[in-house]
Amino acid sequence: MRRSWGLAAVALTATLTVGCSGGTTGANDPKNNKVPVPDGVAADKVGPAEEGGTVGGSGSPCALPVTFAHAKQWKVQSIPPDAAKSFTIGSFGPVCELDGKPAGVLGMIRVWQGGKPGENVESQLKLFADGDKSKDSEQPKLTPVKLTGVDAMEAAYQRSLDGVKHREYAIAVQAGGKVVVVKVGGIDQETLDEMMPAYLLARQTLAVGR
């Protein structure tokens with residue numbers, strides 16, 4: 001079942017799907033980042049996403065130590081702490097979600113925040129991915145990603161739903177004394193492929209303290 005948080009706490013069930021409208025990204029910095037597509041993604045099959053606004057900046061429903069662009073017509077909403085504390089992954093809890101239903105997309109991207117003080121992004125992202133992946137999956141593949149003015153780390157790993165495995169992606173940065181993770185996943189690989197433009201838009205525009 002796919003749901004947003006709304007007024008009541010809603011269970012984080014199997015990772016939801018996400019997508020976006022066609023279009024082009026903005027030209028302003030840091031949107032000129034030339035960030036390679038993640039491991040396992042066919043670059044020639046991923047179209048651009050039209051930018052609809054900023055997550056985490058002034059006026060955003062989510063108070064975050066990072067900002068990034070979201071796809072057009074998507075609804076940005078914070079996750080109530082009482083709901084989030086029941087769905088943690090290790091020391092990480094969900095703090096914000098991007099709901100694609102207003103744009104005709106039955107899916108979401110979620111932002112997680114946590115980690116241990118003094119630990120680097122790589123080790124914290126590995127803990128996050130290990131806690132989120134299927135128990136019988138291979139170890140997450142971690143890849144350094146250079147964004148505008150900040151070093152990030154990305155994890156690619158697998159989850160399974162009803163015995164069918166599919167990839168998940170999460171990119172992490174240190175910000176505000178914590179590690180912030182932007183994560184996308186789908187109910188199957190085909191769905192995830194359709195979701196990638198929205199994730200790539202967020203990933204390409206991710207910035208700390210903007």
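Quick notes
- Which numbered condition VAL111 misses (of (1) open to solvent by 40 Å² or more (accessible area, probe 1.4 Å); (2) of a type outside the set (Gly, Ala, Ser); (3) within 15 Å of VAL180 (Cβ to Cβ); (4) outside any helix (DSSP H, G or I)): (1)
- Condition met for MET153 (under 15 Å from the mean Cα position of the chain (by Cα) and not in a strand (DSSP E or B)): no
Yes/no matrix, rows are residues, columns are (1) open to solvent by 10 Å² or more (accessible area, probe 1.4 Å); (2) closer than 16 Å to ALA49 by Cα; (3) in a strand (DSSP E or B); (4) of a type outside the set (A, V, I, L, M, F, W, C):
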| residue | (1), (2), (3), (4) |
| --- | --- |
| HIS70 | yes, yes, yes, yes |
| ASP82 | yes, no, no, yes |
| SER86 | yes, no, no, yes |
| PRO102 | yes, yes, no, yes |
| GLU119 | yes, no, no, yes |
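- Matching residues in the range 54-68 - criterion: being aliphatic (A, V, I, L, M), assigned to a loop (DSSP other than H, G, I, E, B) and crowded, with 18+ Cβ neighbours inside 10 Å: LEU64
- Index of the failed condition, LYS141 passing every other in (1) modelled with pLDDT of 85 or more; (2) buried (at least 20 other Cβ atoms within 10 Å of the Cβ); (3) closer than 21 Å to MET195 by Cα: (2)
- When residues of the range 153-189 are limited to those that are surrounded by fewer than 22 Cβ atoms within 10 Å (Cβ to Cβ) and among the small types (Gly, Ala, Ser), the one farthest from GLY93 (Cα to Cα): GLY163
- Scanning the range 31-53 for residues that are part of a loop (DSSP other than H, G, I, E, B) and either out of contact with any Asp or Glu (no Cβ under 9 Å at 6 or more places or on another chain) or modelled with pLDDT of 90 or more (or both) yields ASN32, ASN33, LYS34, VAL35, PRO36, VAL37, GLY40, GLY47, PRO48, GLU50.
- Considering (1) outside any helix (DSSP H, G or I); (2) among the polar types (S, T, N, Q); (3) open to solvent by less than 10 Å² (accessible area, probe 1.4 Å), the lone condition that GLN124 does not fulfil carries the number (1).
The values are calculated or read from the model by the stated rules, or taken from the named source; none is laboratory data. Note that the structure is predicted; figures quoted are calculated from it, not measured. Heads up, the Cβs are rebuilt from the backbone with ideal geometry, glycines too, and the neighbour counts pull from every protein chain shown. Ligands, DNA and RNA are stripped out before the accessible areas are found, and what is left, the full protein with its side chains, is counted by its heavy atoms. Shrake-Rupley method; radii C 1.70, N 1.55, O 1.52, S 1.80 Å.
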